[in-house]
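Taken together, the values in this text are just the output of simple stated rules run on the coordinates, not laboratory data. Fair warning: this is a prediction, and the values are worked out from it, not measured in the lab. We place every Cβ from the backbone using ideal geometry, glycine too, and count neighbours over all the protein chains shown.
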Amino acid sequence: MLVNLKQRRRHSAAFKTEVLAACAEPGASVAAVALAFKLNDNLVHQWRRGRGAPKAPGVASMGIAEAPPRFIELTVSLAVPPAPTPPASPSPTSETITLEFKRGALGVSVTWPVSAAADCAVWLREVLR
């Protein structure tokens, strides 16, 4: 008869904080940190998501807890340029989609032809992920 003598390990809040701080280092991978601390990377991922993570006051300030998604203000306008000069290349329509949005200090302005609105929607969906 086989008996499992291996007991479940319990980790202190200080140890978890140390592991999560190592994960927060620039360029650190969760798998490498878990291997260095002789842990399963799935366990470390759970700690990073908050399950079993230490409830220390400094943990949220280290960027370990995920912040809720923030609202990103978008300004979308359908613009028709002023009377065009002779076009350099023929285009089916001269209407454009202009997208302007900011995230932190970064501001982006994109102009897209209306004839490719579907492509614009796909691109915007990927950017906002």
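For Ala31 and Arg10 in one chain, what is 0.36 nm times their gap in residues minus the Cα-Cα distance, to one decimal in nm? Working shown, then result.
Details: separation 21, 0.36 × 21 = 7.56 nm, distance 1.97 nm.
Here the answer is 5.6 nm.
Return the aspartates and glutamates within reach of Lys102: Cα separation strictly under 17 angstrom, same-chain partners fewer than 8 residues apart disregarded; answer none if there are no such residues.
Glu73, Glu126
Could you work out the relative contact order of the range 1-52? I mean the mean sequence separation of Cα pairs under 8 Å and 6+ apart, divided by the number of residues, in percent.
Details: 23 pairs, mean separation 13.7, N = 52.
It rounds to 26 percent for the range 1-52.
Between Ala24 and Arg70, how high is the FRET efficiency from 1/(1 + (r/R0)^6) when r is the Cβ-Cβ distance and R₀ = 22 Å? Nearest 0.05. List each step's numbers first, then the result.
Values: r = 20 Å, r/R0 = 0.90.
Efficiency, rounded to the nearest 0.05: 0.65.
If Lys and Arg each add +1 and Asp and Glu each add -1, what is the summed charge of the other residues whose beta carbon sits under 12 Å from the beta carbon of Val110?
Summing Lys/Arg as +1 and Asp/Glu as -1 gives -2.
Quick one: 3J(HN,Hα) in Hz for the range 98-115, Karplus 6.51/-1.76/1.60 with θ = phi - 60°, rounded, Gly and Pro as x.
Computed from phi, the couplings for the range 98-115 are 10, 10, 10, 8, 10, 9, x, 8, 8, x, 10, 10, 10, 10, 9, x, 4, 5 Hz.
Amide H of Glu95 versus every other amide H placed in the peptide plane: which residues, excluding those fewer than 5 positions away on the same chain, fall under 5 Å?
For Glu95, the qualifying residues are Val114.
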